[in-house]
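The values are calculated or read from the model by the stated rules, or taken from the named source; none is laboratory data. Remember, it's a predicted structure, so these values are computed and weren't measured experimentally. Every residue, glycine among them, receives a Cβ derived from its backbone with ideal geometry; neighbour counts consider all protein chains shown.
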Amino acid sequence: MGPTTVTARSYARWVVVLIGVLMAAAMVLLASPTGAHASAEAPDTPGGDQEQTGFYFGGVITFDGEPVEGVTMTIEGNGFEAETVTNAEGKWRLYVPEKEEYVLTVDEDTLPDGVIVDAALLPEGTQPKSGTTASFDVAFGATGTKIINLFLGEGERLTTSFLDQLAERLVSGLNFGLLLALAAVGVSLIFGTTGLTNFAHAEMLTYGAIIALIFANIGLPMWIVIPIVILFGAAFGWVLDAGLWRPLRRRGLGLVQLMIVSIGLSLAIRYTYQFFIGGGTYQLPGAGASRDIRIGPIAVSWIDVLSMGVSIVLLLAVAYWLLRTRIGKATRAISDNPGLAAASGINVDRVIRIVWVLSAALAAVAGVLWAYFRPGIKWDMGVQVLLLIFAAVTLGGLGTAFGALIGSLIVGILVELSTLLGIPPDMKYVGALAVLIIILLVRPQGLLGRKERLG
C-alpha cells in the first residue's frame with residue numbers, strides 16, 4: 001500500500017500544480033491589453049441621466065443617410081432595464097452594470113411611419129429576434145463596449161405569432177435542457193454511488209469554461225479545446241476524489257458532514273477563480289453568433305447546433321456505458337446496495353473514483369456549453385445554474401441517471417417557455433422550481449425514482 005499511496009499522492013500533487021499554473025496563465029492572458037479587458041475608444045454619444053459604468057451599448061440610427069432623432073431605445077436583461085432616446089445626430093448610448101447578454105429593443109412607435117430597421121444592413125453577428133424587426137439579442141465581444149449602428153428602411157413591421165414563439169422557445173429549451181443534463185447526470189451518479197449531495201459541482205462547470213478560455217486565448221480551435229477540457233475535467237475529478245473525498249469516506253464521515261464540506265469546498269474554489277480571473281465576463285470564440293440557420297419559424301446559430309450535437313453524443317455514450325459495460329453495471333450495483341456489491345467482489349472505491357472522473361469531465365463540457373448559451377464566462381457562472389441542476393435531479397428521481405436526463409429536459413424547456421406564459425424574465429427560473437415542488441407533492445420519489453437508482 002505504501003508505494004501505491006505515495007505514487008497517487010505524487011500524481012495528485014503534480015495535477016494540482018498544473019492546475020495552478022493554468023490559472024496563473026489565465027490571469028496573465030486576460031489582464032493583457034489584447035485580452036478581454038481591453039477597451040475601445042467610444043464615440044461621443046449621449047448617456048442621458050444613466051449611471052455611467054464601464055460597459056455600454058451605443059450607435060447611430062439613420063434613414064436615407066440622415067440621422068433620426070427621438071427614437072426610443074431600451075435595454076433589458078439580468079434584472080436590469082434602461083431607456084434612452086437618440087439625439088439630433090441620431091446617436092444613442094445605453095450603460096449596463098455588467099458584461100452580460102441583453103435584449104436591445106427599438107420602440108417602433110417612435111420610428112417614422114412605414115419605416116423599419118433594415119435587417120440587411122445590420123452589423124455582422126446581429127440579427128432581429130425571430131418574428132420581429134426591432135428587437136435583438138446583444139452581447140459584448142472582447143471589450144466593454146458594443147457599437148450597433150442601425151439603418152432604417154421602408155418595410156412592414158413583423159409580429160411573432162404565439163405558435164412561432166412556442167416553436168422557437170421549445171428548441172432553445174431543448175438546447176438548455178441538454179447542457180443541464182450533462183451536469184445533472186454527473187450529480188446523479190455521484191449521489192447514487194456515495195449518497196453525497198455535491199454543492200461543489202457548480203465549480204466543476206466553471207472550471208471547464210475557464211480551461212476552455214485559457215486554451216482558446218492561445219489560439220487553439222474549439223474542436224481541439226473541447227477534448228482538452230474533457231481531459232482536464234477528468235483530472236480535476238480524480239484529484240478531488242483522491243485528495244479529499246476518499247480520505248473522508250475512509251474516516252467514516254456522515255452524509256451531512258460531507259455535504260457541509262462540499263459547500264465549503266465550493267466557496268473556496270469559487271473565490272479562487274475570482275482571485276485569478278477577476279469579476280469580469282469573458283467570451284469564448286464565436287459567442288453570440290448570429291442565428292442564421294432557419295427551419296420555418298425556428299432560427300438557431302451554428303453554435304446552438306453544435307452544442308446540442310455534443311450534448312446528445314456524450315449522453316448516448318454515458319447511457320451505453322451504464323447499460324453495456326462492466327464498470328457501468330458495477331456502478332448501478334453499488335447504487336442499489338454498496339455492501340452487497342463489495343461482498344460480490346466489486347472494487348467499490350475504484351468504481352467511485354471512475355464516477356468522479358466521469359462526472360467532472362461531463363460537468364466541464366457543460367460549463368463550456370453554458371458559456372456559449374449564456375454567453376459569457378464569470379467566476380461564479382456555475383452556481384447560477386446549480387439549483388436548476390439539483391431541481392432536475394430531484395425531479396427525475398434522486399440517483400437515477402436517466403431520470404436526471406428527463407428532469408433536465410423538463411426544467412430547460414419550462415425555463416425557456418416561462419416568459420411566453422407571462423412570467424417576468426428575471427423570475428423564469430422560479431417557474432421550474434415551482435413545478436418541481438408540485439410534482440414532488442404528488443410523487444415524492446421523482447418521475448423515475450425506484451429501487452434501482454441508476455439506469
**Asked** When you look at ILE327, is it surrounded by fewer than 17 Cβ atoms within 10 Å (Cβ to Cβ) and among the aliphatic types (A, V, I, L, M), yes or no?
**Response** yes
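crowded, with 20+ Cβ neighbours inside 10 Å and not acidic (Asp, Glu): is that true of LEU189 in this structure?
On the way: crowded, with 20+ Cβ neighbours inside 10 Å: yes; not acidic (Asp, Glu): yes.
Considered against the rule, which asks whether it is crowded, with 20+ Cβ neighbours inside 10 Å and not acidic (Asp, Glu), LEU189 comes out as yes.
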**Asked** With respect to the numbered conditions (1) modelled with pLDDT under 95; (2) touching a Phe, Trp or Tyr at 6+ places or on another chain (Cβ under 8 Å); (3) crowded, with 20+ Cβ neighbours inside 10 Å, which one is the sole condition not fulfilled by ALA333?
**Response** (2)
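Give the residue, chosen from MET204, MET222, that is under 17 Å from the mean Cα position of the chain (by Cα) and more than 27 Å from ASP336 (Cβ to Cβ).
Values: MET204 fails: more than 27 Å from ASP336 (Cβ to Cβ).
Going through MET204, MET222 in turn, just one is under 17 Å from the mean Cα position of the chain (by Cα) and more than 27 Å from ASP336 (Cβ to Cβ): MET222.
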**Asked** Only one of (1) closer than 26 Å to ILE354 by Cβ; (2) at pLDDT below 95; (3) buried (at least 21 other Cβ atoms within 10 Å of the Cβ); (4) among the hydrophobic types (A, V, I, L, M, F, W, C) fails for ILE277. Which number is that?
**Response** (1)
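Matching residues to (1) part of a strand (DSSP E or B); (2) modelled with pLDDT of 85 or more:
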site	(1), (2)
GLU76	yes, no
THR84	yes, yes
TRP92	yes, yes
GLU98	no, no
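So for the range 183-199 (the condition being part of a loop (DSSP other than H, G, I, E, B) and on the phi > 0 side of the Ramachandran plot), does at least one residue qualify? Outline the logic, then answer.
Filtering the range 183-199 for residues part of a loop (DSSP other than H, G, I, E, B) gives 195-199.
After this cut, where a residue has to be on the phi > 0 side of the Ramachandran plot as well, the list is 195.
Checked against the condition, which is being part of a loop (DSSP other than H, G, I, E, B) and on the phi > 0 side of the Ramachandran plot, the range 183-199 yields at least one hit.
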